[in-house]
Structure formats: structure tokens, C-alpha cells
Amino acid sequence: MADSPRPSTAGPRRGRIASPRWARKGRRALTRLPELGRLIGVAWALVITAVAAISAGAWWFLGSPPLRAPAELTARDLNAITTRAFAVVAGLVGTALLVISYRKQRTAEFGEDRERTRLFNERFTAAYTELGSEHAAVRLGAVHALAHLADDAPTRELRQMCIDVLCAYLRMPHTPAPDEPSDGATEEQRCERQRRQLEFASLREVRHTIIRTIAARLREDAHVSWQGHDFDFTGVVFDGGDFSEARFSGGLVNFRDATFSGGTVSFRDVLVTMGTVNFSGAAFTGGTVDFRYAAFAGGTARFSAAQFAGGTVDFGDSALSGGTVDFTRSAFSRGTVNFGFARFLNGTMDFGEVTFTGGLVDFRYAAFAGDTVNFRGVVLAGGTVDFGTAKGPCPGGLLDAVAAGEPGTAVLPRGWEDAAGEAPGTE
């Protein structure tokens, strides 16, 4: 027996009629009426209370005269009552209109905020997607798009979201530059090496563009300032970059466990006034990191447990006038760290428990004041720490470290030795 045909389900469902758009809007408007009525009622109550309070205050101020009802109402009295009644009604109607107008304004503002957020999310998604393109040129465009999007962000939180994406790109691992081809390399190997070198240079330009973009918005003359936001460069490998004249006035700028392996990374003329700039655990292994003329006037610059193992780190002509610069438990093993002509005027510079095993740390012509600098617990096991022409009082704990350290490691000005008696192991 053949199966009977199944009833068609293509038609409209029974018991449920699709509502047109105007009907749905009408229902939403009806649901808002009770809330609007409550607001108008509250406004009327406040107005009536205020009028009653003012009337009572005026009556009391006039000495609380007795209230006498007239024996009969004249036409003039009735006219006055009618006029005042109309004034009361007009006042209540005006109050209701003000509430409705305010409500419309707030609704319009919320709508504009939602529209701005929606457009922001669309632009953010497009730029974020392009940042993962396999083509470096597309990524460069995405970097600039995210930067302009952060500039136009309607809220601080949305700007921080764009900044986080840019910093996250820097934290992503990348393929290092290819080695030079050997003398016996084939033509195919040389071409492959050239292709990889071009790819590395292209993606390196994307990373350096991000650094330039961020640094430009941390300077005093930035058209839109990103100062006070958080920047997470944790574990980033820097082979160049320019943060010169940046202003760190709040938030957390985190270079923790970063590696400075080559090229020149400039922090020249930076100003730290608030917040934290954190280089804890960073490794300085090559190239030049330039902090010349940096000013530490507040906040915290942290270099604790950092490794100074190569290249040059230059703090020459820097100034400490407030806040804290923390080098505790750092290790100086190779390379050059220069504090020549630096001025330690106020605040705290802490070298507690630092280990010197090699390289040159140069404090010549540095100026010390008060108890600003601490060298307690320092281990002088190798290399050279040169204070030969430094000025001011000897930093706390330095003479004890010299007495216990490897002879010839520290070079002190004669006045420091004379002040504490002849210190063994010094020139």
C-alpha cells in the first residue's frame, strides 16, 4: 500500500502570525510607557514637594501669620484662584515635557554610543584580521588602521584593547634572520637564503612600525596621547626601536624578560614621572640600549634580576630626582654599562645584591647626593666598576663590598678611601 502524501509544511505555521516591524516597535514603545509615567510622577512629586517647602519656608520667615479663610469668594478671588490653578497645571505639564525631552535626549545619546561601538567593532575586526595576513604590506596597513582606531576609540577600554593587540603582535615568536651562506652553498641555497632574508626584513619592518607608532603617541607633542595606558612587551626580542622622548606618566610599561640582542633601542630623553616601567629579568646581550639624558622624577623603573651580558647600555647624563630605580639582584658579566655624568640627586637607586663578574660599569663624573644610592650586599667578583672621578658622598655599602670583593675590581676616588680609612683592594 502506497504511503499517503505528507502534509506540506511550507505554509505559515498555525497559531503564530509574524508581526510586522511597526507592530514590534509599537509593543516596545508600550513597554516603555509605564517607566516614563513613573519618571513623570517622580518629577511631579519633587516639584510639589519643592513648592510646598518654599511656601512653608516663606510662611515661617514671615512670622507664621494665621491663615484665615474668607467669608465669601469675590469674582476677583475666583479669578486669582483660576489663574493660579492654570499656573500649577502649566508647571506640571512643563515638568512632564522636560522629563520627556530629557528621556529622548538620553535615548538618542545611548543610540549614538551603541552605533559608535558597533562601527568600532567592525573596524577592529577588519584590522585584526588583516594583521594576520601572510603579506607584510597588508600587516603594515593593519598596524596603521589599529593605531587610528585607538585614536578614535570612544572609551579608554576600547583604546586599551587596540594597544593590547599591537603589543601582542610584538610578543609573538618570529623567525630570526637567516645565517650567511657558506662558501660551498649552491645557487638554489643562495636564492632561498635571499628569499628568507627579504621575508625577515619585511616582517621586521612591521614590528618596528608598531614600536614607532606606540612611541609617537607617548611623546609630549602627540596629537592623541596614549600616556597612562598599559603596554605589555613581556618577552619581546628587540633588535632596534626608538622610544626616545617618551613620557611614562602612569600605567604599567612592561619589558619583563625582554631581550635586547642587536641594533639600537633608544630610550634617550625619556621621562618617568608616575607608574612603573619594568625591565625585570630583561637580557641585554648585544647592540646598544640608549638611556642618555633620561629623567627619573617619580614612579618606579625596575631592572631587578636583569642580565647585562653584552653590548652597551648607556645611562650617561641621566638624572634621578625622585621615585625608585631598582637594579637589585642584577648580574653584570660582559659589555659596557655607562653611568658617566649621571646625577643621583633624590629618590632611590638600589644596587642591592648585584653581582659584577665582568665587563665595565662606568660611574666616572657621576654626582651622588645623600643616601640616594645603595650598594649593600654587592658582590665584586670581576670586571671593572669605575668611580674614579665621581663626586659626592660614597654610596651606602660600597666600601664594605670593595673590602670583601676581588682586588682591583672597583676604582674609587681618593676622598672616599680617605673618609673610611684605607680600603683594601682599591687603588
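Rule-based calculations on the coordinates, nothing more; no lab input. If you're wondering where the values come from, they're calculated on a predicted model, not measured in any experiment. So basically every Cβ, Gly included, is an ideal-geometry build from the backbone, and we count neighbours across all protein chains shown.
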Working from the pairwise distances between different alpha carbons, so that the mean of 1/r is found and then inverted, what is segment 233-427's Kirkwood radius in Å? 16.5 Å
Grab the beta carbon distance between Asp230 and His174, set R0 = 25 Å, and tell me the FRET efficiency rounded to 0.05. 0.65
Segment 319-397 and segment 244-281 have their Cα centres apart by a whole-number Å value of 19 Å
Long-range HN-HN contacts of Ala283 with modeled amide H, under 5 Å: Ala258, Thr259, Phe260, Gln307
With the contact rule set at Cα under 8 Å and sequence spacing of 6 or more, what percent relative contact order holds for segment 233-427? 12 percent
Considering every Cα-Cα pair within segment 162-228, what fraction, in whole percent, is farther apart than 15 Å? 63 percent
A chain fully extended from Ser182 to Leu97 at 0.36 nm per residue, minus the present Cα-Cα distance, gains in nm 22.1 nm
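Hey, with R₀ at 45 Å, roughly what FRET efficiency would Glu157 and Thr355 work out to, going by the Cβ-Cβ distance, to 0.05?
Efficiency, from the Cβ-Cβ distance: 0.60.
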